[in-house]
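Input: a single structure, listed below in structure tokens.
The values are calculated or read from the model by the stated rules, or taken from the named source; none is laboratory data. Keep in mind it's a predicted model, so treat the numbers as computed, not measured. Virtual Cβ from ideal backbone geometry, glycine too; neighbours counted across all protein chains shown.
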């Protein structure tokens, strides 16, 4: 359990303006930790002990404390009760924080084992959590390095080489778009320009290429004209084509006809790998144990009950195909509806069987598990017959008509207000709800 020391007033002799300083201490010793909690739990404890305020906040983090603070800020952005902490944070200072994991975890583990044997102390869950996140970071870094090597020619003086296209595929929620952003940031000095277009639909692709043409100084409504502008550019550029998810669509039209420069394409459809010229990678999901943990946390199952519920949770994980989004939705349903974890499979299978009758081709069977978990939650909201549930259902109906890029995050934090505003908008536009 963390301990808060302070607040203490710091006079003008230490900082330009008077400030309050709070010191957070927690048991992070690789050798003696016996708290049985991991990185996420330490982050939640930090938010619990934090003081919500509109005053600017500065975090000075040492070693593992930096990882705790980063995780806490991620948690805060998704939690309305802690949002003020994230919004007030204006500066982060890291001292010896192992952002990329690596040898720190393994060296600490070796030393910890020796000390724990002599002290007869249990294992360090915090360090184990760090090692796991270190492995994830290392795996992501390996993918990024592979893409980098494929996109950068060894000899740029050689002309006539084919356009360098790298394709990333995988289920939704696996981090394909995030990897593209990291690659773009890493290689921005290697290219004259970096451009991105969402090609999930013809209309979103048109919007993306119109924005590209504006950046090139020759605005046009034609996607093909925008591609020609890129083709005529003399310098090397990087183009990211995100969300090529329609298995029946020919995405060749979005590749500018030029033999130089580089393209990264992301897709949920494995067959899109045929568009690559220099490399292809399919992102895998989390392992089964990680998925069980995600489910139990989403269901807000007390940690002391994890072992007793682990077998039934594992059955759900296998049924849902290790899909993160489906697991979170299933866990939330179990928590909110107070459904026993052992009864969820039957509810899910009923929805899944119904949806398979009309789900789109790319959803059979890859995404039917996600749709079924959402349907189960929708039916639960319908059974409540309350104003809050009614607002939530109305809000979901409106969101289904929008592209995700048009949805403001703050709407998700206050669905009741957003639903009422949406109803007013509908009435003004004289649009009848189905």
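For the stretch 329-346, the tally of residues that are more than 25 Å from the chain's Cα centre (by Cα) and either at pLDDT 90 or above or closer than 18 Å to residue 311 by Cα (or both) stands at 8.
For residue 108, the stated conditions do not hold, so it cannot be described as at pLDDT 80 or above, in the same structural domain as residue 43 (by TED's automatic domain parsing) and more than 30 Å from residue 280 (Cβ to Cβ). When the residues of the stretch 184-223 are filtered to those that are within 23 Å of the chain's Cα centre (by Cα) and more than 24 Å from residue 248 (Cα to Cα), which remaining residue is surrounded by the most Cβ atoms within 10 Å (Cβ to Cβ)? Filtering first and then ranking leaves 195. Among the residues of the stretch 257-313, those identified as over 22 Å from the mean Cα position of the chain (by Cα), part of a helix (DSSP H, G or I) and assigned by TED's automatic domain parsing to the domain that holds residue 329 are 303, 304, 305, 306, 307, 308, 309, 310, 311, 312, 313. Screening the stretch 378-388 for residues that are closer than 14 Å to residue 336 by Cα and either at pLDDT 80 or above or in contact with a strand residue (DSSP E or B) (Cβ under 8 Å, 6 or more places away or on another chain) (or both) and picking the one that is surrounded by the most Cβ atoms within 10 Å (Cβ to Cβ) gives 381. Every test in (1) part of a helix (DSSP H, G or I); (2) modelled with pLDDT under 80; (3) surrounded by fewer than 14 Cβ atoms within 10 Å (Cβ to Cβ) is passed by residue 365 save one, and that test is (1). What helices (runs of 4 or more DSSP H), lying completely within the stretch 166-235, carry at least 2 residues that are in contact with a strand residue (DSSP E or B) (Cβ under 6 Å, 6 or more places away or on another chain) and not assigned by TED's automatic domain parsing to the domain that holds residue 146? Output list reads 176-187, 202-215. Among the residues of this structure, residue 300 counts as one that is on the phi > 0 side of the Ramachandran plot, surrounded by fewer than 18 Cβ atoms within 10 Å (Cβ to Cβ) and touching a residue at least 24 places away in the same chain (Cβ under 8 Å).
Just one of (1) at pLDDT 80 or above; (2) assigned to a helix (DSSP H, G or I) trips up residue 420, so point out which. Of the numbered conditions (1) at pLDDT 80 or above; (2) assigned to a helix (DSSP H, G or I), the odd one out for residue 420 is (1). Does residue 321 satisfy being modelled with pLDDT of 85 or more and outside the structural domain of residue 203 (by TED's automatic domain parsing)? Taking the combined requirement at face value, the residue does not satisfy it.
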